[in-house]
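Here is the structure we will look at.
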Number of protein chains: 2
Amino acid sequence: MISVRQALSLIQKHTVTPVATEVHIEQALGQVLAKDILSPIAMPPFTQSAMDGYAIRLSTDPKYKVIGESKAGDNIGYEIKKGEAVRIFTGAVIPEYTDTVVIQEHVEIKGNNIFITKLPAKGANIRLKGEQLSKNDLVLTKGHKINEASIGLLAGLGVQKLKIFQTPKTGILVTGNELQVAGTPLIAGKIYESNSVMLKSALKRNGFGNTNIYNVRDDISYTNKVIKKALSENDVLLISGGISVGKYDFVREALLSNSVKEVFYKINQKPGKPLWFGARDKKRVFALPGNPAASLVCFYIYVLPELRRQKGFTNRDLKISSGKLSRAQENRSGKSLFLKAKVNNTSVEILDGQSSAMLHSFSQANALVLIPESKKIIEEGEKVEYLELGYE
Amino acid sequence: MISVRQALSLIQKHTVTPVATEVHIEQALGQVLAKDILSPIAMPPFTQSAMDGYAIRLSTDPKYKVIGESKAGDNIGYEIKKGEAVRIFTGAVIPEYTDTVVIQEHVEIKGNNIFITKLPAKGANIRLKGEQLSKNDLVLTKGHKINEASIGLLAGLGVQKLKIFQTPKTGILVTGNELQVAGTPLIAGKIYESNSVMLKSALKRNGFGNTNIYNVRDDISYTNKVIKKALSENDVLLISGGISVGKYDFVREALLSNSVKEVFYKINQKPGKPLWFGARDKKRVFALPGNPAASLVCFYIYVLPELRRQKGFTNRDLKISSGKLSRAQENRSGKSLFLKAKVNNTSVEILDGQSSAMLHSFSQANALVLIPESKKIIEEGEKVEYLELGYE
């Protein structure tokens, strides 16, 4: 049995290099840029007014004759002479030979003339062509995580397509004769299947949508066939409830016949001990424990970081913070513990109901507290590290 | 001109009560529960083994005769007598008259018999029917924000449909003769339209997908018609670049002819001063500044909180934290400032490029620092409040 640290390190050692792909800007939100972006145009693309007012060539005489009007989007080609002004609006092209815009609040209008009541500084209220970016300037660098502001920035430069790291395709294969699909009353001895929709939701919330779901029943040749299909259709395959002592050889056999090599099985942790991880070429397989809370813990700790690496993220996925324990917590297990907790400010309350079969405490939690295997007791008020789950 | 606080309070005063709707469990992620959920079944639904091992009626004799096997999903109906055992696996039905499961590691097998090598406590390794939830127990309360663990929990109880607060429909109406659609070289005096895809992305990332986009050109009867259509198709309408002094009466006229009442116009803040907010019945209209950075600031500060209220959220949307300013910052404007910043641990660096036309600093930011209008200077190392943008 390996430690949490060893398991993390083995998965990272077997990581798959991110693959670049081109997408339309609307598909780029939340992705990682795979290539530097240089500006295809200057920004602003022309010298423009930053305010509503009057474009002038500044002199000591407060009187200017208004010779025309320029709105945003116009391209009239005015040329200003000394003593002349053009009525101008925010975003409009600055006429030739203009050096200043006086805002409308600092002007008195008399017929065709304006009189400046408060002298602006020379150059005021003008945005120079390229003052934000010159053509071919570096706009965003490879590795940038694309947010809505990046999207607006790129759209404003006319960028429509960009290279990002593609999202690995994920599949969930559900096994277990005890599982029943919702919609009909429970048959004695059966439970409703819940891990697939739970894991699919966890994937979706973390940016991995469109997960394929596969169901198998206990039939070796059928399982073989479905695993083969799932491996061909996905980059990362999660198997739910796949590998326990009871059926170890069965699912394992199907994986081995499909040339998936076992990297590790079982981690010295609670919950989530029976995690199995395997690799074949660029395919990765996580066989998660069947108990839902254990399955979700393994997802956050092991699956999500690897999925994000494959998508080009280099930062930590779920933020690790620390806070003070509100009640003492023992750890007699000699294992690493992952405990559902509620963090308020910096006070960390371990929730009741830590059984690997129980999801209620998980649904009420916002953090997973990490207790090292070597730690026998943590006193009230002692500092602990926790993973922020990012739940609302 | 009103203050930031007044604007927030006026929007909240005009909030629209959330509306409940029924959705399938797969659509419930990230939504707010509109009705308490009672458990339709007991959980576990039957008394089951928590481990792989042997079900027994515990006695002082270490020897038990194995009379059969029970896997998860089986419902064989064994009845155990004193001195008998059933080979049992995790999740399997506990046979009648069983009181204990001894794990397989604590057993020696000799033919048809087992010998217990380490005596378990009576009742060990058994999950009693209903120990997690009885039928009709309260599972999740109204107002709960549904995460993947809640989804797993509900799926495990066989819940397929649930009442959540519906997501308000959002539309973005884009105005401005200066705007050009990407794909062709820029015409002189024009700029690429970018606010719609930026705002649509901001909406999407915050749980408001499927936004309708409307484009209008400067034609009063056409604008009237499109605003009418947009109001009928959406609950919250964002108008981009709609209302400035230059065209104030024009867009305003179209809104007024559609019976939208002005609640306020202009806020004493920078950027984002020319925000307009109006209401008609249960429709809300935000006319955002045309400058992209100003538009995005108004979105986070004013639009998003209202959208989330309508969706049933009662908590703050973007978290407010505080940190220490890495460099002194002046505020000579007499306005409230919203400054793009990068927060590392608790050090807050105000970024260069705060112009309302510039998105580059926004794309590199992870926080918006809030500087009150009354504050003239904030010293290096002084504490400031900031809004976490939630960018990766």
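Per-residue answers, yes or no, for (1) in contact with a strand residue (DSSP E or B) (Cβ under 8 Å, 6 or more places away or on another chain); (2) part of a strand (DSSP E or B); (3) farther than 30 Å from A:Lys311 by Cα:
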{"position": "A:Val66", "(1), (2), (3)": "yes, yes, yes"}
{"position": "A:Gly73", "(1), (2), (3)": "yes, no, yes"}
{"position": "A:Lys81", "(1), (2), (3)": "no, no, yes"}
{"position": "A:Ala85", "(1), (2), (3)": "yes, yes, yes"}
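Just for the range B:25-52: of the residues that are assigned to a strand (DSSP E or B) and facing another protein chain (nearest Cβ under 10 Å), which one is farthest from the chain's Cα centre (by Cα)?
Ranking the qualifying residues of the range B:25-52, first place goes to B:Gln48.
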Hits in the range B:355-366 (condition: farther than 27 Å from B:Ile2 by Cβ and open to solvent by 10 Å² or more (accessible area, probe 1.4 Å)):
B:His360, B:Gln364, B:Asn366
Evaluate the range B:55-62: report whether one residue or more is free of Cβ contacts under 8 Å to residues at least 40 places away in the same chain, among the polar types (S, T, N, Q) and either outside the structural domain of B:Gly123 (by TED's automatic domain parsing) or assigned to a loop (DSSP other than H, G, I, E, B) (or both).
yes
Name the pairs: first residue in the range B:91-116 and within 11 Å of another protein chain (Cβ to nearest Cβ) and at positive phi, second residue open to solvent by 20 Å² or more (accessible area, probe 1.4 Å) and outside any loop (DSSP other than H, G, I, E, B), Cβ to Cβ under 8 Å, at least 6 apart or on different chains?
B:Gly91/A:Ile191
B:Ile243 passes all but one of the listed conditions (1) surrounded by 16 or more Cβ atoms within 10 Å (Cβ to Cβ); (2) under 23 Å from the mean Cα position of the chain (by Cα); the exception is number (2)
Looking only at the range A:278-309, which residues are part of a strand (DSSP E or B) and surrounded by 22 or more Cβ atoms within 10 Å (Cβ to Cβ)?
A:Gly278, A:Arg284, A:Val285, A:Phe286, A:Ala287, A:Leu288
Quick check on A:Glu349: is it in a strand (DSSP E or B), open to solvent by 20 Å² or more (accessible area, probe 1.4 Å), under 30 Å from A:Phe165 (Cα atoms) and not assigned by TED's automatic domain parsing to the domain that holds A:Leu33?
no
When residues of the range A:187-201 are filtered for being open to solvent by 20 Å² or more (accessible area, probe 1.4 Å) and more than 7 Å from chain B (Cβ to nearest Cβ), how many remain?
3
Quick one: is B:Thr184 part of a loop (DSSP other than H, G, I, E, B) and either open to solvent by less than 10 Å² (accessible area, probe 1.4 Å) or out of contact with any strand residue (DSSP E or B) (no Cβ under 7 Å at 6 or more places or on another chain) (or both)?
yes
I'd like the full set of residues that are within 14 Å of chain B (Cβ to nearest Cβ), part of a loop (DSSP other than H, G, I, E, B) and either open to solvent by 40 Å² or more (accessible area, probe 1.4 Å) or more than 28 Å from B:Gln132 (Cβ to Cβ) (or both), limited to the range A:367-392.
A:Gly390, A:Glu392
For the range B:249-262, pairs from a residue that is within 17 Å of B:Leu238 (Cβ to Cβ) to a residue that is of a type outside the set (Gly, Ala, Ser) and open to solvent by 70 Å² or more (accessible area, probe 1.4 Å), with Cβ under 6 Å and 6 or more apart or across chains, are B:Asn258/B:Lys228
Could you list, ordered by first residue, the pairs with Cβ atoms under 6 Å in which the first is in the range B:280-307 and in contact (Cβ under 8 Å) with a residue 40 or more places away in the chain and the second is open to solvent by 10 Å² or more (accessible area, probe 1.4 Å) and acidic (Asp, Glu), at least 6 apart or interchain?
B:Leu304/B:Asp317; B:Pro305/B:Asp317
Screening B:Gln12, B:Gln27 for residues that are under 15 Å from B:Lys311 (Cβ atoms) and assigned by TED's automatic domain parsing to the domain that holds B:Leu138 leaves only B:Gln27
Restricting to the range A:112-121, count the residues that are of a type in the set (S, T, N, Q) and either surrounded by 13 or more Cβ atoms within 10 Å (Cβ to Cβ) or within 43 Å of the chain's Cα centre (by Cα) (or both).
1
A:Ile109 out of contact with any Pro (no Cβ under 6 Å at 6 or more places or on another chain), within 24 Å of A:Gly83 (Cα to Cα), crowded, with 16+ Cβ neighbours inside 10 Å and not basic (Lys, Arg)
no
Scan the range A:122-157 for residues that are farther than 21 Å from B:Ala367 by Cβ and within 18 Å of the chain's Cα centre (by Cα) and report the count.
1
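This table checks each residue for (1) within 16 Å of B:Ala202 (Cβ to Cβ); (2) among the charged types (D, E, K, R); (3) touching a strand residue (DSSP E or B) at 6+ places or on another chain (Cβ under 7 Å).
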position: B:Asp235; (1), (2), (3): no, yes, yes
position: B:Phe250; (1), (2), (3): no, no, no
position: B:Glu253; (1), (2), (3): no, yes, no
position: B:Ser259; (1), (2), (3): no, no, yes
position: B:Glu306; (1), (2), (3): yes, yes, yes
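Mind counting the residues in the range A:354-366 that are hydrophobic (A, V, I, L, M, F, W, C), assigned to a loop (DSSP other than H, G, I, E, B) and touching a Gly at 6+ places or on another chain (Cβ under 9 Å)?
Count: 2.
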Out of all the residues in the range B:255-277, which are crowded, with 23+ Cβ neighbours inside 10 Å and on the phi > 0 side of the Ramachandran plot?
B:Gly272
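Okay, residues lined up against (1) away from chain B (no Cβ under 14 Å); (2) open to solvent by less than 70 Å² (accessible area, probe 1.4 Å); (3) under 30 Å from B:Asn206 (Cα atoms); (4) in a helix (DSSP H, G or I):
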{"site": "A:Leu203", "(1), (2), (3), (4)": "no, yes, yes, yes"}
{"site": "A:Gly207", "(1), (2), (3), (4)": "no, yes, yes, no"}
{"site": "A:Asn210", "(1), (2), (3), (4)": "no, no, yes, no"}
{"site": "A:Ile213", "(1), (2), (3), (4)": "no, yes, yes, no"}
{"site": "A:Asp218", "(1), (2), (3), (4)": "no, no, no, no"}
{"site": "A:Ser221", "(1), (2), (3), (4)": "yes, no, no, yes"}
{"site": "A:Ile227", "(1), (2), (3), (4)": "yes, yes, no, yes"}
{"site": "A:Ala230", "(1), (2), (3), (4)": "yes, yes, no, yes"}
Within the range B:53-84, restricting attention to residues that are more than 10 Å from every other protein chain (Cβ to nearest Cβ), open to solvent by less than 30 Å² (accessible area, probe 1.4 Å) and of a type in the set (A, V, I, L, M), which residue is farthest from A:His360 (Cα to Cα)?
B:Ile80
Scan the range B:232-248 for residues that are more than 14 Å from chain A (Cβ to nearest Cβ) and either assigned to a strand (DSSP E or B) or modelled with pLDDT under 95 (or both) and jot them down.
B:Val236, B:Leu237, B:Ile239
Can you tell me which residue among A:Thr211, A:Thr170, A:Thr223 is among the hydroxyl-bearing types (Ser, Thr, Tyr) and at pLDDT below 95?
A:Thr223
Among the residues of the range B:18-34, is there at least one that is in contact with a strand residue (DSSP E or B) (Cβ under 8 Å, 6 or more places away or on another chain), among the hydroxyl-bearing types (Ser, Thr, Tyr) and surrounded by fewer than 16 Cβ atoms within 10 Å (Cβ to Cβ)?
yes
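The values are calculated or read from the model by the stated rules, or taken from the named source; none is laboratory data. If you're wondering where the values come from, they're calculated on a predicted model, not measured in any experiment. Neighbour counts run over all protein chains shown; Cβ positions are idealised from the backbone, glycine included. These accessible areas exclude ligands, DNA and RNA; they are computed on the full protein's heavy atoms, side chains included. Shrake-Rupley method; radii C 1.70, N 1.55, O 1.52, S 1.80 Å.
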